[in-house]
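The structure appears below as structure tokens.
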Amino acid sequence: EFVSHCREVLRTGTGTRRTVKCLRPGGEEQFFDQQVHPVRDAAGRCTGLMGIGLDVTERVRAEQLLRRSEEGLKLMIAHSTEPMLLVNEDGVIEGASAVGVMQLGFAETEVVGRNAEQFLDWSSKLDIVFRLRDFRQYAPRPARATLRIRTGDGAWCWMDVTASFVNFGQKPEKFLVKFERIDLEGSSEAIPPGDREQIW
């Protein structure tokens, strides 16, 4: 990869930066954050290369381990017998259990990749905004609330929702959200945010 990177800079005449993999004599992988730029003569012709490489092997291995861990978590959630979602700090749903999407009345492709706010009514969105600071303040203790959620058929239902940190103290934050459909009398109207149950 080191050689191909240099050849690309020579061919295009444009300096670039990328992470490249090299194999040590014993076959061990080593990674470098490599910057390569062309050296030009007075006429502007590329006559050579100038570059620098920083060993980032530990960082790359940590990122690989984190990706494998996240993939394992998503797989565990997907096959869980409980309705649950994996939500990142931006509110985007990254994973969902088959039971969960079935309870919501959507296909998995209609849930994963979308922002959770798209499934909430206005009062539930407002409630979450007010509660999020407290959630982080009391973390890693889970938070519980009753929220009004839109299902796949366009109807609204009430869900008992429990959220907990997956990786408290790390970035980006991720949350495991478990939920269960409940029946509330008069559920056609939203419960005011202040009347919702919130347990820390």
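Taking the criterion of being outside any helix (DSSP H, G or I) and among the polar types (S, T, N, Q), the only residue of region 39-69 that qualifies is Thr47. Mind checking whether some residue in region 129-140 is outside any helix (DSSP H, G or I), modelled with pLDDT under 80 and in contact with a Ser or Thr (Cβ under 8 Å, 6 or more places away or on another chain)? Yes - at least one qualifying residue is present in region 129-140. Scanning region 14-28 for residues that are among the polar types (S, T, N, Q) and in a strand (DSSP E or B) yields a count of 2. None of Arg136, Arg131, Arg141 is more than 18 Å from the chain's Cα centre (by Cα), closer than 15 Å to Glu173 by Cα and charged (D, E, K, R) except Arg141.
Just name the residue that is surrounded by the most Cβ atoms within 10 Å (Cβ to Cβ) out of those in region 1-47 that are of a type in the set (Ser, Thr, Tyr) and within 28 Å of Arg61 (Cβ to Cβ).
For region 1-47, the residue satisfying everything is Thr19.
There is no residue in region 70-86 that is of a type in the set (S, T, N, Q), surrounded by 13 or more Cβ atoms within 10 Å (Cβ to Cβ), touching a residue at least 12 places away in the same chain (Cβ under 8 Å) and part of a helix (DSSP H, G or I). Within region 121-137, the residues that satisfy the criterion of being more than 24 Å from Leu73 (Cβ to Cβ) and not basic (Lys, Arg) are Asp121, Trp122, Ser123, Ser124, Leu126, Asp127, Val129, Phe130, Asp134, Gln137.
Of all residues in region 91-141, those being closer than 22 Å to Gly154 by Cβ and either touching a residue at least 60 places away in the same chain (Cβ under 8 Å) or not β-branched (Val, Ile, Thr) (or both) number 27. Considering only residues in region 89-120 that are more than 13 Å from Lys74 (Cβ to Cβ) and of a type in the set (D, E, K, R), the one that is surrounded by the fewest Cβ atoms within 10 Å (Cβ to Cβ) turns out to be Asp90.
Taken as a whole, region 48-60 holds at least one residue that is surrounded by 12 or more Cβ atoms within 10 Å (Cβ to Cβ) and in contact with a Pro (Cβ under 7 Å, 6 or more places away or on another chain). Taken as a whole, the structure leaves Arg11 outside the set of residues that are outside any strand (DSSP E or B), under 30 Å from Lys174 (Cα atoms) and among the basic types (Lys, Arg). Looking only at region 40-47, decide whether some residue is out of contact with any Asp or Glu (no Cβ under 7 Å at 6 or more places or on another chain) and either of a type in the set (Val, Ile, Thr) or within 30 Å of Arg131 (Cα to Cα) (or both). Checked region 40-47: no residue is out of contact with any Asp or Glu (no Cβ under 7 Å at 6 or more places or on another chain) and either of a type in the set (Val, Ile, Thr) or within 30 Å of Arg131 (Cα to Cα) (or both).
For Ala78, the criteria (1) within 23 Å of Asp153 (Cα to Cα); (2) modelled with pLDDT under 90; (3) in contact with a Leu (Cβ under 9 Å, 6 or more places away or on another chain) hold in every case but one, which is (3).
The values are calculated or read from the model by the stated rules, or taken from the named source; none is laboratory data. A quick note: this is a predicted structure, and the numbers were derived from the prediction, not measured. Note that we place each Cβ from the backbone using ideal geometry, even for glycine, and neighbour counts take in every protein chain shown.
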